[in-house]
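Asker: So that we are looking at the same thing, I have put the structure below in structure tokens.
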Amino acid sequence: MRPILRRHRSPDEGRTGRIVTSVTVGNIIEAGREVRCDALVDTGAYCLTLPAVWKERLGALPMSRVVEAEMADHHVVQGEICGPVRIRIDAFDAIAGEVLFLEMAPEDGLYEPLIGYITLEQSRLVVDMVGHRLVRLPPVDLKRVRRVA
């Protein structure tokens, strides 16, 4: 049985409040094998999602598994999760993570890659709803934690 990755966003959801940011995805083993693009921050998406036609640009990746992904309109498609890859969102610190490759149809000649909630959490980034931007999650101040007897 293959895992199903679900997108929780409604297909009728409007385009207000869209956050698009730059992302660089690179092969950890082969330096110089990378993809740079603008991606939509989609907290209803599972992870960083790229068009399957871009996979070859990253070269051979050490791990891969086929999954079924449920799209916003509830139809199920097959995708491939590969990694580890180096992911850098905008000017924030790079992380090691996974990327989901899906067959996508370009709109007006352009693909719309997605940055999902797992990638945001791994990057320690959160959506600033007021400023419509990504911000670094503040560090946890462990000095302020008090012991309860």
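Asker: Test of understanding: extend the Cα→C-beta vector of ASP38 to 7 Å, then name every residue of segment 100-140 with backbone N under 17 Å from that spot.
Answerer: 106-115, 132-134
Asker: Would you indicate which of (i) 22; (ii) 29; (iii) 63 is the value of percent of Cα pairs over 26 Å apart derived from the coordinates of this structure?
Answerer: Calculated percent of Cα pairs over 26 Å apart: the matching label is (ii).
Asker: For every other residue with a beta carbon closer than 10 angstrom to the beta carbon of PRO113, add +1 if it is Lys or Arg and -1 if Asp or Glu, then tell me the sum.
Answerer: Details: positive: none; negative: ASP38, ASP42, GLU112.
After counting each charged neighbour, the total is -3.
Asker: Now a separate question. Within segment 27-48, which residues have the backbone N less than 16 Å from the label spot 7 Å out from MET63 along Cα→beta-carbon, could you tell me?
Answerer: So the set is 27-29, 47-48.
Asker: Could you point to the residue in GLY44, ALA69, GLY79 farthest towards the positive end of the chain's charge dipole, with +1 and -1 charges on the Cβ of Lys/Arg and Asp/Glu respectively?
Answerer: Of the options given, the answer is GLY44.
Each reported figure results from applying straightforward, stated rules to the coordinates on display, with no laboratory input. Since the structure is predicted, the reported quantities are computational estimates derived from the model, not experimental observations. Cβ atoms come from the backbone with ideal geometry, glycine included; neighbour counts cover every protein chain shown.
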